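The values are calculated or read from the model by the stated rules, or taken from the named source; none is laboratory data. Being a predicted model, the structure only gives us computed values, none of them experimental. Note: ideal-geometry Cβ built from the backbone for every residue, glycine included; neighbour counts use all protein chains shown. Side chains are part of the model used for accessible areas, which takes the heavy atoms of the whole protein and leaves out ligands, DNA and RNA. Shrake-Rupley method; radii C 1.70, N 1.55, O 1.52, S 1.80 Å.
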Amino acid sequence: MEQFKKLVPSEKVRQVLYGLGILFVAMLIFHAGVVTGSHRHFPGKAGPGFGLRGPGFNVQLPRGFIPNGHGSVGTIQNVSTSSITLQTRDGATQTVLLTDKTSIRTQSGAASSTALSVGQQVIILGTPNDDGTISADLIRATPDSVRNPIKR
Amino acid sequence: MTSKRDMAFFTKVEPPQHLFEAVLAYIALARRRAARIRLAALGTVMVVSVAALVPSINYAIHEFYASGFYDYLSLFFSDSSVAFGHWQELSLSLAESLPSLAVLLLLGFSIALLWSLRRIAPNVRMAMMPIQSA
Amino acid sequence: MDSDEDLIAAYMEGDEHAFAQLVERHLKTVYSFAFRFVGSQSDAEDIVQESFLKVWKNLKRYSSRSASFKTWLMHIVRNTAIDHLRKRKQIPFSAFEDDEGKSLFEDLSDEAPLAEELFAQAQDSKEVEKAVLKLSPAYREVLLLYYGSDLTFEEVAAILGAPTNTVKSRHRRAVVALRETLHRK
């Protein structure tokens, strides 16, 4: 108890608090920026709202991430020579265009588009297009993606 | 002008013997009362922040998964050279997938808990102080 | 001996004993003023306790740049004493706002006889104490602060929040009023 009494009001804890406070303010500004910017640049793609419901109120708070901006994560639903279709984590459908610059990788290393198949988990990095598609620069097929540690 | 010497009847009056201790006890009592009120308020903040921290940690873990942040981050470990080769898209994807609301909630409740713990420690001692009556 | 400011600084650093030393140092002055102002020991004790509590609560806001600690302390004591009397309805709200003595006493020049008379009556200080209590609070406080608390006119002016010249003229009128009260006995 005595150690607790000495430790808690100490200067180090105060510095940690200041650091967290600065991080909080930075994150708040970042969140505001993402929420306002995503509506402009990724219309309809902004992360679904976090709902707070109760008797007489229903509040939607923006979650602050853009699921399919310069990248996407999901399960392949369809493969063609020029594109693949993904089902993303939030249930949306994302079309990913394959170009000459697209690099495809699996656990074994570099691969061609024939290595892609329906049901595969992939991570996409690329450039978003105005029509909502993503032109892929990198497609990384994973044997299984990171499992959701929290079942909902 | 009447000098102060002439007004010698305005000598100081000796206070009662118990008054000094009574003053200190009065202040100690007020101090203890204030500390107890602060303790109650800080205790409430602490309990609420602890209660909120557990679900906010769960929520943050889920959101980091749902946004794909973990997946983008894993590229640094699985294909580091390729990841650095596409550092611009990867950086943007990491930034876009950062679940800022979850992080804000986690930071907010952590700050509230740490702050209340820091303030509670000195108030516990003051709140439990015995008062010696004059 | 540490100055008041040194004791305050020590208390702020966590030295609990420093505040007790401050109380001990000024207790007699504070009690004397309170006792002579209200005329009752129990009321004076209440005023003293309340005043030092206010000092403790507001110590962080005290700055030696604006006033000496004694001046600041006596300002608090004076206000506490007035509030105490007002709560007991012993003085009207307007008691400090009128220069009520001004019209009654034209001749303010003959203070030498006053001093001799008062000195002669110093044998019977009870009579003088009663006479002081009969004065209006505005006159009473000037006399008590100036003579009883070892303060200068400038310091009394700072406590009362009035110009120094106003305090000086109020002091002259208070002495004359005290003489009149003693003569009426």
Inset, instruction - For B:Ser81, put the label point 7 Å out on the Cα→Cβ axis and report which residues of region A:92-119 keep their amide N under 19 Å from it. - result: A:102-112
Inset, instruction - Give the distance, in whole Å, between the Cα centre of region C:42-71 and the Cα centre of region A:68-95. - result: 73
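Within 10 Å of each Cβ in A:25-31, how many Cβ atoms from other chains are there, averaged over the peptide? The partial results should precede the final answer.
Values: counts 1, 1, 8, 5, 1, 5, 6.
Per residue, the number of nearby Cβ atoms from other chains is 4 on average.
Count, for each residue of C:17-25, the Cβ atoms from other chains sitting within 10 Å of its Cβ, then give me the mean as a whole number. Before the final figure, lay out the partial values.
Values: counts 0, 0, 2, 5, 0, 0, 5, 3, 0.
Per-residue shielding by partner chains comes out at 2.
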Inset, instruction - Give a quick list of trypsin sites (Lys or Arg not before Pro) in region C:37-69 that DSSP marks as loop, anything other than H, G, I, E or B, with at most 12 other Cβ atoms within 10 Å. - result: C:Arg65
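Sorting B:Ser67, A:Ser112 by accessible area (1.4 Å probe), largest first, what list results?
Values: B:Ser67 5, A:Ser112 60 Å².
In descending accessible area the options line up as A:Ser112, B:Ser67.
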Inset, instruction - Return one number: the angle in degrees, 0 to 90 and rounded to the nearest 10, between the long axis of the Cα atoms of helix B:69-78 and the longest principal axis of the Cα atoms of chain B. - result: 60
Inset, instruction - Output the Cα-based Rg and Dmax of region A:51-141 in Å, rounding Rg to one decimal and Dmax to a whole number. - result: 15.8, 55
Inset, instruction - Would you kindly derive the ³J(HN,Hα) couplings of region C:158-163 from the backbone phi angles with the Karplus curve 6.51 cos²θ - 1.76 cosθ + 1.60 (θ = phi - 60°), listing them in order in whole Hz, with x for Gly and Pro? - result: 5, 5, 7, x, 10, x
Legend entry - Phi-based couplings in Hz for region C:23-34 (Karplus 6.51, -1.76, 1.60; Gly and Pro marked x): 4, 4, 5, 9, 4, 5, 4, 5, 5, 4, 4, 4
Inset, instruction - Enter the Cα centre distance for the pair region C:131-176 and region B:70-134, rounded to the nearest angstrom. - result: 61
Legend entry - Per-residue [θ]222 nm for chain B (sum of -39500 (n - 2.57) over DSSP H runs n ≥ 4, rounded to 500): -26500 deg cm²/dmol
Legend entry - Estimated FRET transfer efficiency when R0 is 30 angstrom, pair A:Thr36-A:Ala92 (beta carbons, to 0.05): 0.90
Inset, instruction - Take peptide A:131-138, look around each residue's Cβ out to 10 angstrom, count Cβ atoms belonging to other protein chains, and average those counts. - result: 2
Inset, instruction - Would you mind checking the pairs B:Lys12/C:Lys57; B:Lys12/C:Lys126; C:Lys28/C:Lys70 and listing those with alpha carbons more than 21 angstrom apart? - result: B:Lys12/C:Lys57
Inset, instruction - Could you rank B:His18, B:His62, C:His183 by how accessible they are, 1.4 Å probe, largest area first? - result: C:His183, B:His18, B:His62
Inset, instruction - Heads up, I need the accessible area for A:Asp137: 1.4 angstrom probe, whole protein in place, Å², nearest 10. - result: 20
Inset, instruction - Extending each Cα 7 Å along its Cβ direction at C:Ser66 and A:Gln77, get the distance between those two points in nm, one decimal. - result: 7.0
